[in-house]
Amino acid sequence: MKTNFLTVMVVMFISVLSAVSVSAVDAHIEYARINGEIIDFTNNNELSLEVERGEELDIRVKVVADADVENFQVMGDIVGYRYSNDEHSKVHDASKTYDLTENDTKFVDLNLDVPIFMDKKYTLLRFTLADENSQSFTRDIQLHVTGIDEDDAIRIDDWEFSPSNEIMAGRAFTALVNVENIGDDDLDDIKVTVRIPSLGVQDSEFLDELEADEDETFEELLLRVPDCTEPGLYDVEIEVEFDRFNSVTASDTITVVENELCGLEEEEEEEEEENNHEDLEDSRTVISVPGSQTVTVGTGGVTYPVVISNEGKTAKTYTLTVEGAASWATTRLDPGSQVVVGSHDTETVFLYVTPLDDAEAGQKVFTVTLESGDEKKEIPLTADVVAAPSGDGTSGGLVRGLQVALIVLVIILIILGLVVGFNKMKDSDDEDDENQTYY
């Protein structure tokens, strides 16, 4: 018992000595001004401040010396953040050391950031005043951490280009974009767009809703670098539009490398295009001809003017043949079945089609084929054949007879009129002779 009692007394004595030898720092924090708001510690009331995720805290602390003090520091800490080891600089800041004479005042500046990933909750902002020889002096402010304002609630958390940020010209790459809602409310109409403005390419992906404190990765954004793009660095823009009128952007770069096949492909394409162009120049023939005409059996035929325009670079000889008309008509080409047409010139060949006397009425289809070297064009034509008027010829003869008789009658009447006129003139002359007096 005596041993235990002596042990307790020794411990108590050491504690008393320790308490006597260690005193509080000879200064105190009077107030802190945070983003313009003054938090006064002199009234010892419980203090609280509302802050948003991601908000920067611009802090000025007023320190007053109760006695001369040497090598003191002011430290600020946001406590209760689970990633504080990873983002220590955001939740902790410390001033350099100062000396202060009794009753003097020192303003110390600190900067802290409320982490984006901090839980929405109540926690502490703690200020510590300490020197190397004394116990520390602390003051706490209660922080109410809330979600960010809705206008800035969407955050582009991360992005990645696959297979890499180095892309060969003519190849495609995928953009993976992670978007997070760090606000207090669910947000609608999320649209993510990735674009390369200088190349004029982009792709977009949509999401109907993103809940508060949730994130979403957009993985189907595919962009293709145009063929034969000049090698170099190109800016990539990432834009997230949300809640109809709000948006947030981020940027990155890709490196476009040369495609070694590009030059060869261009040469082959140019050569092929040149050859095709020459072939087109040599084979450009334009033909114009009426597609359908009506002809009556026994009244002659119809004429199809075939207009041939040679748009090529050289003169050409064209051969024309008619097929499919021999069973119901005779055909003739004028000036002939062959015609020479100069470069950028036009010639017309007339096709005469005369139905046979026994041709049946109806629509007849036949073809005019035009050939020049390897070039061959077939033009389908149509003739609507109408049967000859019916009758035995008697009525026609009667009409002609009546016409002759009418003509003869008119002639007779004219002659009679002349005879009567001459007779009247003669009688008038005789009367004048009888009444004449001679001397």
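The values are calculated or read from the model by the stated rules, or taken from the named source; none is laboratory data. The model shown is predicted, which means the values in this text are computed figures rather than measured ones. Please note: Cβ atoms are built from the backbone with ideal geometry, for glycine as well, and neighbour counts cover all protein chains shown.
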Q.
Is it the case, given these coordinates, that Arg60 is part of a strand (DSSP E or B), touching a Ser or Thr at 6+ places or on another chain (Cβ under 9 Å) and either within 27 Å of Glu150 (Cβ to Cβ) or touching a residue at least 24 places away in the same chain (Cβ under 8 Å) (or both)?
A. no
Q. Of everything in region 291-320 that's touching a residue at least 60 places away in the same chain (Cβ under 8 Å) and of a type outside the set (Ser, Thr, Tyr), which residue is farthest from Thr354 (Cα to Cα)?
A. Ile308
**Q.** strands (runs of 3 or more DSSP E) enclosed by region 132-180 - at least 3 residues per element that are touching a residue at least 40 places away in the same chain (Cβ under 8 Å) and of a type in the set (Ser, Thr, Tyr)
**A.** none
Q. Of all residues in region 199-219, which are touching a residue at least 40 places away in the same chain (Cβ under 8 Å) and not hydrophobic (A, V, I, L, M, F, W, C)?
A. Asp213, Asp215, Thr217, Glu219
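Given the structure, is Ile141 touching a Lys or Arg at 6+ places or on another chain (Cβ under 9 Å), at pLDDT below 95 and either within 30 Å of Ile196 (Cβ to Cβ) or among the β-branched types (Val, Ile, Thr) (or both)? Outline the logic, then answer.
On the way: touching a Lys or Arg at 6+ places or on another chain (Cβ under 9 Å): yes; at pLDDT below 95: yes; either within 30 Å of Ile196 (Cβ to Cβ) or among the β-branched types (Val, Ile, Thr) (or both): yes.
The answer is yes for Ile141.
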Q: Considering only region 151-179, state which residues are closer than 28 Å to Glu214 by Cβ and among the small types (Gly, Ala, Ser).
A: Ala153, Ser162, Ala175
Q: Report yes if some residue within region 38-60 is more than 51 Å from the chain's Cα centre (by Cα) and modelled with pLDDT of 95 or more; otherwise report no.
A: yes
Q.
Just to check your reading of the model, which residue among Ala65, Ala94 is over 49 Å from the mean Cα position of the chain (by Cα), at negative phi, crowded, with 17+ Cβ neighbours inside 10 Å and small (Gly, Ala, Ser)?
A. Ala65
Q) Within region 29-57, can you find the residues that are touching a residue at least 24 places away in the same chain (Cβ under 8 Å), closer than 23 Å to Tyr98 by Cα and of a type outside the set (Asp, Glu)? A) Ile29, Tyr31, Ala32, Arg33, Ile34, Ile39, Phe41, Leu57
Q: Identify the residue in region 98-131 that is loosely packed, with under 13 Cβ neighbours inside 10 Å, in contact (Cβ under 8 Å) with a residue 40 or more places away in the chain and closer than 20 Å to Glu70 by Cβ and, among all such residues, is nearest to the chain's Cα centre (by Cα).
A: Phe107
Q: Output the residue which, of all residues in region 21-36 that are modelled with pLDDT of 90 or more and part of a strand (DSSP E or B), is nearest to His144 (Cα to Cα).
A: Ile34
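Only one residue in Glu209, Glu237 is in the same structural domain as Ser251 (by TED's automatic domain parsing), under 17 Å from the mean Cα position of the chain (by Cα) and not in a loop (DSSP other than H, G, I, E, B). Which one?
Numbers: Glu209 fails: under 17 Å from the mean Cα position of the chain (by Cα).
The match here is Glu237.
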